[in-house]
């Protein structure tokens, strides 16, 4: 089956060469080669130039626009363009390494519609933890997401998720949240549209170069949960 990989980037000039090297190593065993789509979410540095300058030796598409709109918006642009039978999105910091995709293959072979990485179930492995404050805030977000939107999910925000193409098109076509609360929205939409969600344990390491602005983005994410519930009540999905 064919695979598309979507990677949102924002002011990642310093990390692009490292990301390209990771992709080069990962793609050696693939036939056919995956479709790779980078989405430059309104970067104000030389992210696009750094990507072009890196000796990639693999084909990729670049979607670029201004101003910055948020990770959720960036992923929507890339995923709606993707043409693979399955679509993976992951973070450019490779907190969950590309090699973890091997754990998803059995579920993909069964044509599972939505497969998400989890750092919080048996056999998952956190190599480097977030700070205690970030962990507590993440736990609070997951608890509220379970209560308000999608019961039974252990990890909403792990940035390593795979979607069957038909599910991806329907879910992201309906997505409205543009910034950090989008993870909860797409899983809410998956459940709302009748797609089973399967969680797979993954390895993950915190990268301290995160773009999350702790107070501002956490407050916005919690408000997004209320907006998702309101959108549903108003029939916007």
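Brief remarks on what is shown
- Its residue count N fixes a reference of 2.2 N^0.38 Å for segment 37-87, and the Cα radius of gyration divided by that reference is 1.19.
- At full extension, residue 131 and residue 205 could sit 25.4 nm farther apart than now, given 0.36 nm per residue minus the alpha carbon distance.
- Using a Gaussian network model of the chain in which every pair of alpha carbons under 10 angstrom is joined by a spring, one finds that among 145, 131, 52 the greatest mean-square fluctuation is at 131.
- Estimated from helices alone, the mean residue ellipticity of the chain at 222 nm is -12000 deg cm²/dmol (sum of -39500 (n - 2.57) over DSSP H runs with n ≥ 4, per residue).
- Rounded to 5, the percent of DSSP beta bridges in segment 3-233 classed as antiparallel: 25 percent
- Residue 219-residue 81 pseudo-label distance in nm [points 7 Å out on the Cα-to-Cβ vector]: 3.4 nm
- Nitroxide proxy distance, nm - points 7 Å out along Cα→Cβ at residue 24 and residue 102: 2.2 nm
- Taking the fewest neighbouring Cβ atoms within 10 Å as the starting point, the ordered list for 6, 219, 202 is 219, 202, 6.
- Relative contact order of the chain, defined on C-alpha pairs under 8 angstrom at six or more residues apart (%): 23 percent
- Cα shape, the chain, gyration tensor, a/c 1.5 rule: rounded
- Here the Gaussian network model covers the chain, with springs between Cα atoms less than 10 Å apart; of 196, 99, 53, 53 fluctuates the most.
- Two-site label geometry, residue 166 and residue 154: point separation in nm, points 7 Å out along Cα→Cβ: 2.9 nm
No value in this document is a laboratory result; all are computed from the given coordinates. Keep in mind it's a predicted model, so treat the numbers as computed, not measured. Note: ideal-geometry Cβ built from the backbone for every residue, glycine included; neighbour counts use all protein chains shown.
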